[in-house]
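Some notes on the structure that comes next.
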Amino acid sequence: MAGETLMMSFIVLSGIYFVFICLVIAALVKEKICQGKSELSATVIVCIDHDKENLPGLIEALIRLDYPETLLEILLVTESSDREIVSEIQKSTAKNKRIRPVLIYDREEGLTGRKNAITQAVGVANGEIILLTESNCRPGSQWVRRMINCFDEETGMVMGFPSIEKGSGLMHRFLEFDQLAKVAVQTAGAYWNIPPYSSARNLAFRRRLFFEVNGYESSGSITTGDDFFLTRDIWLKTKRPFRHAIHPESFVETKIKNKPRKFLVQQLKKSGQIYHLAPFYKGVGLFILMYYGAVPIAMFTLPPLIWAGSLLIKTILEWTGIMLAGKRFGFKYLAFWYPLLAPVYPLYVFTSAALINKRKKPV
């Protein structure tokens, strides 16, 4: 009887996990390239930290943005204490009159770091649509247009793919694999209107929604996750649908070639956000964790046909998902890396989240 119960539990966990993967695959197949021709007013907001190295390249990319001059403004936001960066930003305004510096002199009560900067920038923005990217990113000339094309009258937020520049080496392949896996889940979340997260390296939302959900009121004291918490609050507090931009011109490349380890650390820190997931995704995460924990137990207690069959179906579904995501987002070659990277990837996700959450306290 105990053996039958264990077998049935493993089959149920396997089935639930397979359903999750199938939902991701379905979204990757069904999500369409946005065909809208909207020309809504837009404000691009970039928070500039101390990354002086990337600032000139970012400014050049922003200057090349192809969007009606009267409908686009670019806000470069920085702490006023860094005079070198302030000077560089002020020089950029002479190159393009759409660029406007926003200097942060004080901090709104209850807000930390980027959340304070973004809140102040949104407050002075004129665009109906707010687009976020970061200083180490390089949006293409059609980025604004492709993201805004995804907004219809109902859409509240559009997520974009923050790809990383092509490189070589095992670590770089792992980082690419990580980004591809995350954007696959992000696409599914947007398609089914249950988004788990987003990326401030490539994100757009309606300005008025920011105020409808009271900005970062629910997470202002948490130093990270401005993109994550805003997405969560728009999902939970409004009925606005989400979209994911699929057109290659909507992708934003992230420069990491000289700093892959630093980028990996940043991604590890983001894993700590799992602690703040909505209850639905905490439940999903629990089921996935239970499935992976049940696999080694099943290998010693259940007939090979059961656990081997489960692993075979898992491999087929996951590999299919990686191939589809690679095709849609320009990383087809990562399908060949699946057999090497897939076995260690879940361990990376669960371990990094556990190590980071161990240092966190509930808010």
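Some notes on this structure:
- Of all residues in the stretch 39-50, those that are of a type in the set (S, T, N, Q) and either in a helix (DSSP H, G or I) or touching a helix residue (DSSP H, G or I) at 6+ places or on another chain (Cβ under 7 Å) (or both) total 1.
- Test: residue in the stretch 346-360 that is modelled with pLDDT of 95 or more, of a type outside the set (A, V, I, L, M, F, W, C) and open to solvent by 40 Å² or more (accessible area, probe 1.4 Å): no
- Screening PHE161 with (1) in a loop (DSSP other than H, G, I, E, B); (2) of a type outside the set (Lys, Arg); (3) open to solvent by 10 Å² or more (accessible area, probe 1.4 Å) gives one miss only, at (3).
- Every residue from the stretch 19-38 that is touching a helix residue (DSSP H, G or I) at 6+ places or on another chain (Cβ under 6 Å) and either assigned to a helix (DSSP H, G or I) or open to solvent by 50 Å² or more (accessible area, probe 1.4 Å) (or both): ILE21, LEU23, VAL24, ILE25, ALA27, LEU28
- Some residue of the stretch 197-204 being modelled with pLDDT under 95, aromatic (Phe, Trp, Tyr) and open to solvent by 10 Å² or more (accessible area, probe 1.4 Å): yes
- Among residues of the stretch 151-183, those that are within 26 Å of VAL44 (Cβ to Cβ), under 14 Å from the mean Cα position of the chain (by Cα) and hydrophobic (A, V, I, L, M, F, W, C), counted: 8
- Being open to solvent by 60 Å² or more (accessible area, probe 1.4 Å), at pLDDT 95 or above, charged (D, E, K, R) and at negative phi is a description that does not apply to GLU217.
- Counted residues, the stretch 174-186 - those being open to solvent by 40 Å² or more (accessible area, probe 1.4 Å) and either closer than 17 Å to GLU253 by Cβ or without any contact (Cβ under 8 Å) to a residue 40 or more places away in the chain (or both): 1
- In the stretch 47-58 there is no residue matching the filter, namely being farther than 30 Å from ALA117 by Cα, exposed (fewer than 13 other Cβ atoms within 10 Å of the Cβ) and modelled with pLDDT of 85 or more.
- Against the conditions (1) of a type in the set (D, E, K, R); (2) free of Cβ contacts under 8 Å to residues at least 12 places away in the same chain; (3) surrounded by 20 or more Cβ atoms within 10 Å (Cβ to Cβ), LYS91 satisfies every one except (3).
- Qualifying residues in the stretch 99-132 (those that are open to solvent by 50 Å² or more (accessible area, probe 1.4 Å) and part of a helix (DSSP H, G or I)) - the one nearest to GLU212 (Cα to Cα): VAL124
- Qualifying residues in the stretch 64-88 (those that are outside any helix (DSSP H, G or I) and open to solvent by 80 Å² or more (accessible area, probe 1.4 Å)) - the one modelled with the lowest pLDDT: SER81
- Checked against (1) out of contact with any Lys or Arg (no Cβ under 9 Å at 6 or more places or on another chain); (2) buried (at least 17 other Cβ atoms within 10 Å of the Cβ); (3) at pLDDT below 95, HIS244 meets all criteria but (3).
The values are calculated or read from the model by the stated rules, or taken from the named source; none is laboratory data. As the structure is a computational prediction, the values presented were derived from the model and not from experiment. Positions of Cβ are backbone-derived with ideal geometry, glycine not excepted, and every protein chain shown enters the neighbour counts. Please note that ligands, DNA and RNA were not included when accessible areas were found on the heavy atoms of the full protein model with its side chains. Shrake-Rupley method; radii C 1.70, N 1.55, O 1.52, S 1.80 Å.
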